[in-house]
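Written out below as structure tokens is the structure these notes cover.
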Amino acid sequence: KAVRPQIFAKFSTDAKLYSKQHNPPRVPNLIGGAFIESRSSEYIDVINPATQEVVSQLPLTTNEEFKAAVSAAKQAFPSWRNTPITTRQRVMLKLQELIRRDIDKLAMNITTEQGKTLKDAQGDVFRGLEVVEHACGMATLQMGEYVPNVSNGIDTYSLREPLGVCAGICPFNFPAMIPLWMFPVAVTCGNTFVLKPSEKDPGASIMLAELAMEAGLPDGVLNIVHGTHDTVNAICDDANIRAISFVGSNVAGMHIYARASAKGKRVQSNMGAKNHGIVLPDANMDATLNALAAAGFGAAGQRCMALSTVVFVGDSKSWEDKLVERAKALKVNAGTEADADLGPVISKQAKERICRLIQSGIESGARLLLDGRNIVKQAPSLTRNSKWNQQAGMAANKDLMDDKQVPGYEHGNFIGPTILTDVTADMECYKEEIFGPVLLCMQADSLEEAIKIVNKNQYGNGAAIFTSSGAAARKFQTEIEAGQVGINVPIPVPLPFFSFTGSKASFAGDLNFYGKAGVNFYTQIKTVTQQWRDLPGGSGVSLAMPTSQ
Ligand code: NAD
């Protein structure tokens, strides 16, 4: 049964109510240009993490439906790859306009399903929108190369051609940005696409697909399927899929990388992180504290580029005291509330995991400077100017750890900003990605020692230094083993004319997301050697390997 996209009637651009048939509404598949209700008998609830309200129900797309989506993509490929690049670019030009038009609706959907604040959700959409803008210049990005007269009368040129059907598997934490890292680049290169959004927050993907179709993307060029492990394995195994873009955890990412590569597919796999910030004594204190609090606790720490560990060089106490003060002033609330600095974490299970890792840190000797595990309500005495008194640390924590729930959101998965210090590299809370609003503090005697700590960590997504010394910054930039380096910049996520360049355990593959590398990922090179000259007759047959003449 094909229906127009009305699933997210609350948010959707289309007013017709699919949800009238089901309450809560069911998330449709998108197959061959039609939003179709799945025939699956198995559904997963999509839950608002601030309220536990069931926002919608997501089907585990059946194998038959999955095959139909891949087949639709395969059928759409020949004519789409032959569609002029200028036409493909114009679809993106229109899409970026439509995303701007609907950015508030997209943000509201993200906040409802994912929990982040509305302002942060707007940023989520905007960082994806920039990739769409970049795809508008695909003709230039996809250009081949040409060398005339490589031999007498012979020219060689290379073409960057699309691969065919590509697929994307998304995480929950950026429901708009990450799908937009994937399909706009892939389809503007001439590929067709099968997208699997996160089962936790599929709404933004559906809305973006609606917009892409409104922008003129032909039927079958973008398809959407849903599910978890089985759908992912089907993507890895399907012989018609040529390349997979994955963003998510290491367990899933390495599984996908191994399984899909074994089937001969290209894979780019962006995975987990433990991003460090090194703070030198000469850093600008106010700006650095603001950066640490924002990058540690923003999005409730659920960013792969969150700064989750700070290494203070030299005396750390005054820094830590002030950091606690800033963290305590942050407002924990539902993302839809105007005063919220950070919202809930994605699920009850995520909250339990984060609390367990905090507890394990304490049990292995870390000192808890700020405990957000039970915080759910801002204590009235805590204002942005409140003073943190080290001696009265636990009492102040108690203030914050008010047992009451966030008013109106008593069932939300809230965790307040939490700070652990005296953390060492052998602790579980350090080795594991926490992915919550938890900042770990470590100490080092010198920049060399701090760099060693960072480089020993298995992950290599991002690292930042805070200093006013150019020489120290240059040393850091040269010696640090991380793919994305910030110098007085806490979350150095590159804009789309560069690429997202995580390294070490944070990335598997060799062509990164978006930018030139992204275009290279979604294209293969064909090299043509042509000869146009009047050939001399009667020179005979030579069986020797041709060489340049
Ligand atoms: P996740 O790995 O649990 O899920 C990601 C996707 O993989 C989902 O679509 C899910 O259905 C699927 N999946 C999950 N487990 C699977 C398995 N065992 N086999 C097959 N498929 C599986 O990740 P998440 O919790 O949604 O996202 C958070 C993670 O993503 C964090 O580790 C974060 O660092 C990482 N992340 C990385 C980047 C980056 O660019 N490096 C960006 C965003 C998020």
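The values are calculated or read from the model by the stated rules, or taken from the named source; none is laboratory data. As the structure is a computational prediction, the values presented were derived from the model and not from experiment. In this analysis, Cβ positions are derived from the backbone assuming ideal geometry, glycine residues included, and neighbour counts consider all displayed protein chains. The accessibility values were calculated without ligands, DNA or RNA, using every heavy atom of the protein model including side chains. Shrake-Rupley method; radii C 1.70, N 1.55, O 1.52, S 1.80 Å.
For segment 206-221, the Karplus equation 6.51 cos²θ - 1.76 cosθ + 1.60, evaluated at θ = phi - 60°, returns couplings of 5, 5, 5, 5, 4, 5, 4, 6, 4, 6, x, 5, x, 3, x, 6 Hz by residue, with Gly and Pro reported as x.
Name the shape class, rounded, prolate or oblate, that the alpha-carbon gyration tensor gives for the chain, where a ≥ b ≥ c are the square roots of its eigenvalues, rounded holds for a/c under 1.5, and otherwise prolate holds if a/b is larger than b/c and oblate otherwise. Taking the square roots of the gyration eigenvalues as a ≥ b ≥ c, the chain is oblate. Only protein atoms count toward the accessible area here, which uses a 1.4 Å probe; on segment 272-313, the carbon and sulfur part of that area reaches 58 percent. Amide H contacts for Leu307 (H built 1.01 Å from N in the peptide plane; partners 5 or more residues away or on another chain; cut-off under 5 Å): Gly296.
When +1 charges are put on Lys and Arg Cβ atoms and -1 charges on Asp and Glu Cβ atoms, the dipole computed for the chain relative to its Cα centre reaches about 900 debye. Taking the protein heavy atoms of segment 60-112 in the context of the full set of protein chains, the accessible area attributed to carbon and sulfur is 55 percent at 1.4 Å. Full extension of the chain between Trp532 and Asp286 yields a length gain of 81.8 nm, computed as 0.36 nm times the residue separation minus the alpha carbon distance. To the nearest 10, the accessible area of Thr529 is 90 Å² with a 1.4 Å probe. Cα centroid separation, segment 417-481 to segment 105-147: 29 Å.
Sequentially through segment 117-129, phi angles give Karplus couplings (6.51, -1.76, 1.60; θ = phi - 60°) of 5, 4, 5, 5, 5, 4, x, 4, 5, 5, 5, x, 4 Hz, Gly and Pro residues having no value and appearing as x. Annotation: amide H-H contacts under 5 Å for Gly168 (H modelled 1.01 Å from N, sequence separation of 5 or more, or interchain): Val194, Leu195, Lys196, Ser245. Over the chain, accessible surface divided per residue gives 41 Å², non-protein components excluded, 1.4 Å probe. A straight chain from Arg356 to Glu214 at 0.36 nm per residue would run longer than the Cα-Cα distance by 46.6 nm.
The candidates Asp120, Asp371, arranged from most to least accessible area with a 1.4 Å probe in the full protein assembly, appear as Asp120, Asp371. Measuring with a 1.4 angstrom probe and ignoring ligands and nucleic acids, Met143 comes out at about 130 Å² accessible.
Near Gly33, the amide H atoms lying under 5 Å from its own belong to Gly220; only residues 5 or more places off or on other chains count, and H is placed 1.01 Å from N. Applying the Karplus relation 6.51 cos²θ - 1.76 cosθ + 1.60 with θ = phi - 60° to segment 69-86 yields 3J(HN,Hα) values of 5, 5, 5, 4, 5, 5, 5, 6, 4, x, 6, 5, 5, 8, 6, x, 4, 5 Hz, where x marks Gly and Pro. Taking segment 258-294 and a reference point 7 angstrom along Cα→Cβ of Gln458, the backbone N atoms nearer than 15 Å belong to 271-275. Residues Arg533, Arg259, sorted by accessible area with the largest first, give Arg533, Arg259 [1.4 Å probe; ligands and nucleic acids excluded]. Surface calculation, 1.4 Å probe, protein heavy atoms: Lys105 sits at approximately 80 Å² accessible.
What the pair-distance distribution of segment 316-372 shows, using all Cα-Cα distances binned every 5 Å from zero, is 4, 15, 17, 20, 25, 13, 5, 1 percent.
Heavy-atom accessible area, probed at 1.4 angstrom with all protein chains present, ranks His22, His276, His411 as His411, His22, His276, highest first.
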